[in-house]
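The structure follows.
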Amino acid sequence: MKPDTVAVHAGRSVRARDPLSPPIVQAAVQVYESLEDYDLVAAGEIPGHYYGRASNETTALFESAVAALEGGAAGVATSSGMAAILVAILGLCPEPAPVLIPLDVYGTTLGLLRQDLGPLGYTPRIVDLEDEGALRAALAGAGLLICETVTNPLCRVPDIDRLAALTAEAGVALLVDNTFATPILCRPLEHGAAAVVHSATKYLGGHSDLVAGVVVAGEATAAAARARSNRLGTTLGPFDAWLALRGLRTLALRIRRQNANADALAAALPGLPGVTAVYRAAGERVQRLLPEGSGGMLAFELDGGRQEVQRLLDRLRLVRFAASLGGVETTVSHPVLTSHRGLSEDERRSLGITEGTVRVSTGIEDPEDIAADFAQALAG
Ligand code: PLP
């Protein structure tokens, strides 16, 4: 089946008299009559659920739907995207080892390694994914390489085919954060990633009404991530899982529209006053890895820095400023204050993120209304 169909049906087969939409099993625990039965379920030898921190019927639907979309064996839903990244790292890399990471990943991912996991032995090694020589050297003795399919905010696309080959050669696991591309546009497991993570808060949920994450991987890694999530208590609750699944059912429609809207806005922005650069993923690599488009993300550079960004926010009527993305509404964000606030000014400068960088997440509105709002807000 094609991804658009998988998104609508995956995870569930509806029989006669079943409700067409899945029930929310808002329960912390299940009852058992037989100790043996409980033992088999708790050991994972037969399917079932026994305690809500370990698993839940509704959450399992969301997990299996995302796993089907990503082409992985199993999924583990978590209380946030950060929790997904944490349990994926621990699942892929049970013993502490250096973790390779580019400086332009989501700032809190870097913060997790620098401030929380680094002191435990998961030392971050900052790598330039375009410098193959340096990358080969850094891979020696490392446990894991983390990258994103499309980077925030400058929309760079690393060559995950090449990274998968290099990591495989070095015996290092590759973890891809596929939040921005979604499995509609790219399925990193098919390109050789060992596991994929999402902030389901963004496109998978798609309505800015929940915080959630998910890890998808092969059986063994998913089981290891689930065991970690159970012990760490990073489980996603059933109601948020239900909302995430409800959002996921329209993912293909939304992401295709958001991609088209981002293309249209990227074409309209260069002529507008004060816009000195537009960032939108493009080129041979994008055509190979994201043949149907790079999603709803773009950024632009506004002459005049923070003051002009504030003026833009004051004048936008439809588009709002918000520190998240991927919802049905078009939003803008200021990476210096949001996604990359944990970086030093020098680090941000080395990436090309300035006080004038504005990141846009296009929604599903009419493209002409989005472009018109930016045009009137930026008019002199
Ligand atoms: N990964 C990416 C690419 C993100 O943009 C974010 C959040 O903005 C996260 C992970 C973290 O997700 P969450 O906020 O759901 O914990």
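Output the residues belonging to region 301-328 that are open to solvent by 30 Å² or more (accessible area, probe 1.4 Å), of a type outside the set (S, T, N, Q) and within 16 Å of the ligand (Cβ to nearest atom). Outline the logic, then answer.
Restricting attention to region 301-328, the residues satisfying the condition of being open to solvent by 30 Å² or more (accessible area, probe 1.4 Å) are 303-304, 306-308, 310-311, 313-315, 317-318, 320-324, 328.
Still in the running and of a type outside the set (S, T, N, Q): 303-304, 306, 308, 311, 313-315, 317-318, 320-323, 328.
Correct list: Phe321, Ala322, Ala323.
Which is closer than 20 Å to Leu204 by Cβ and in contact (Cβ under 8 Å) with a residue 60 or more places away in the chain, of Leu289, Leu312, Leu316? I'd like the intermediate steps shown before the answer.
Values: Leu312 fails: closer than 20 Å to Leu204 by Cβ; Leu316 fails: closer than 20 Å to Leu204 by Cβ.
Answer to the check: Leu289.
Additional query: Looking at the structure I just gave you, is Thr58 open to solvent by less than 10 Å² (accessible area, probe 1.4 Å) and in contact with a strand residue (DSSP E or B) (Cβ under 7 Å, 6 or more places away or on another chain)?
Working: open to solvent by less than 10 Å² (accessible area, probe 1.4 Å): yes; in contact with a strand residue (DSSP E or B) (Cβ under 7 Å, 6 or more places away or on another chain): no.
Answer is no for this residue.
Kindly indicate the residue of region 143-172 that is buried (at least 22 other Cβ atoms within 10 Å of the Cβ) and assigned to a loop (DSSP other than H, G, I, E, B) and also farthest from the chain's Cα centre (by Cα) among those meeting that condition.
Among residues in region 143-172 that are buried (at least 22 other Cβ atoms within 10 Å of the Cβ) and assigned to a loop (DSSP other than H, G, I, E, B), the one farthest from the chain's Cα centre (by Cα) is Val172.
Return the total of residues in region 244-264 being surrounded by 22 or more Cβ atoms within 10 Å (Cβ to Cβ) and either of a type in the set (Gly, Ala, Ser) or more than 17 Å from the chain's Cα centre (by Cα) (or both). So that I can check it myself, show each step before the final result.
The first filter runs over region 244-264 and keeps only residues surrounded by 22 or more Cβ atoms within 10 Å (Cβ to Cβ), leaving 244-245, 247-248, 251, 254-255, 258-259, 261-262.
Applying the additional criterion that residues be either of a type in the set (Gly, Ala, Ser) or more than 17 Å from the chain's Cα centre (by Cα) (or both) yields 244, 247, 261-262.
Residues in region 244-264 being surrounded by 22 or more Cβ atoms within 10 Å (Cβ to Cβ) and either of a type in the set (Gly, Ala, Ser) or more than 17 Å from the chain's Cα centre (by Cα) (or both): 4 in total.
I'm checking my understanding of the structure. Among residues of region 13-55 that are assigned to a loop (DSSP other than H, G, I, E, B) and hydroxyl-bearing (Ser, Thr, Tyr), which one is surrounded by the fewest Cβ atoms within 10 Å (Cβ to Cβ)? Can you show your working first?
Let us first name the residues in region 13-55 that are assigned to a loop (DSSP other than H, G, I, E, B), namely 13-28, 30-34, 43-50, 52-55.
Narrowing further to those that are hydroxyl-bearing (Ser, Thr, Tyr): 13, 21, 32, 34, 50, 55.
On the way: Ser13: 6, Ser21: 12, Tyr32: 14, Ser34: 8, Tyr50: 15, Ser55: 22.
Ranking the qualifying residues of region 13-55, first place goes to Ser13.
Moving on to the next point. For region 95-114, does any single residue satisfy the condition of being part of a loop (DSSP other than H, G, I, E, B), under 23 Å from Leu251 (Cβ atoms), open to solvent by 60 Å² or more (accessible area, probe 1.4 Å) and within 15 Å of the ligand (Cβ to nearest atom)?
Checked against the condition, which is being part of a loop (DSSP other than H, G, I, E, B), under 23 Å from Leu251 (Cβ atoms), open to solvent by 60 Å² or more (accessible area, probe 1.4 Å) and within 15 Å of the ligand (Cβ to nearest atom), region 95-114 yields at least one hit.
Then there's this: Give the number of residues within region 207-219 that are away from the ligand (no atom under 13 Å from the Cβ) and open to solvent by less than 10 Å² (accessible area, probe 1.4 Å).
Step one: list which residues in region 207-219 are away from the ligand (no atom under 13 Å from the Cβ), which gives 207, 216-219.
When the remaining residues are screened for being open to solvent by less than 10 Å² (accessible area, probe 1.4 Å), the result is 216-217.
Total meeting the criteria: 2.
For residues that are in contact with a helix residue (DSSP H, G or I) (Cβ under 8 Å, 6 or more places away or on another chain) and under 23 Å from Ala212 (Cβ atoms), tally how many sit in region 295-320.
Of the residues in region 295-320, 3 are in contact with a helix residue (DSSP H, G or I) (Cβ under 8 Å, 6 or more places away or on another chain) and under 23 Å from Ala212 (Cβ atoms).
For region 173-201, give me each residue that is in a loop (DSSP other than H, G, I, E, B) and within 11 Å of the ligand (Cβ to nearest atom). Steps first, please.
Narrowing region 173-201 to residues in a loop (DSSP other than H, G, I, E, B): 178-181, 186-187, 192-194, 200-201.
The answer is Asn178, Thr179, Phe180, Ala181, Ala200, Thr201.
Conditions tested, residue by residue: (1) aliphatic (A, V, I, L, M); (2) touching a Leu at 6+ places or on another chain (Cβ under 7 Å).
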{"position": "Leu166", "(1), (2)": "yes, yes"}
{"position": "Pro188", "(1), (2)": "no, no"}
{"position": "Ser199", "(1), (2)": "no, no"}
{"position": "Asp209", "(1), (2)": "no, yes"}
{"position": "Ala212", "(1), (2)": "yes, yes"}
{"position": "Ala220", "(1), (2)": "yes, no"}
{"position": "Thr235", "(1), (2)": "no, no"}
{"position": "Ala244", "(1), (2)": "yes, yes"}
{"position": "Arg256", "(1), (2)": "no, no"}
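Checking the conditions here, which among Thr151, Thr167 is of a type in the set (Val, Ile, Thr) and either at pLDDT below 95 or touching a strand residue (DSSP E or B) at 6+ places or on another chain (Cβ under 8 Å) (or both)? Reasoning before the result, please.
Numbers: Thr151 fails: either at pLDDT below 95 or touching a strand residue (DSSP E or B) at 6+ places or on another chain (Cβ under 8 Å) (or both).
Selected residue: Thr167, the only one of Thr151, Thr167 that is of a type in the set (Val, Ile, Thr) and either at pLDDT below 95 or touching a strand residue (DSSP E or B) at 6+ places or on another chain (Cβ under 8 Å) (or both).
For Leu135, are the conditions met, namely being part of a helix (DSSP H, G or I) and open to solvent by less than 50 Å² (accessible area, probe 1.4 Å)? Lay out the reasoning, then the answer.
Values: part of a helix (DSSP H, G or I): yes; open to solvent by less than 50 Å² (accessible area, probe 1.4 Å): yes.
Yes: the conditions hold for Leu135.
Within region 68-83, is there a residue that is in contact with a Gly (Cβ under 7 Å, 6 or more places away or on another chain), more than 14 Å from the ligand (Cβ to nearest atom), at pLDDT 95 or above and open to solvent by less than 10 Å² (accessible area, probe 1.4 Å)?
No, the conditions are met nowhere in region 68-83.
Which condition does His334 not pass, out of (1) without any contact (Cβ under 8 Å) to a residue 60 or more places away in the chain; (2) open to solvent by 10 Å² or more (accessible area, probe 1.4 Å), if it passes all the others?
(2)
The values are calculated or read from the model by the stated rules, or taken from the named source; none is laboratory data. No experiment lies behind these values; they were computed from the predicted model shown. Reconstructed Cβ throughout: ideal geometry from the backbone, glycine too, with neighbour counts over all protein chains shown. With ligands, DNA and RNA removed, areas are computed over all heavy atoms of the protein, side chains included. Shrake-Rupley method; radii C 1.70, N 1.55, O 1.52, S 1.80 Å.
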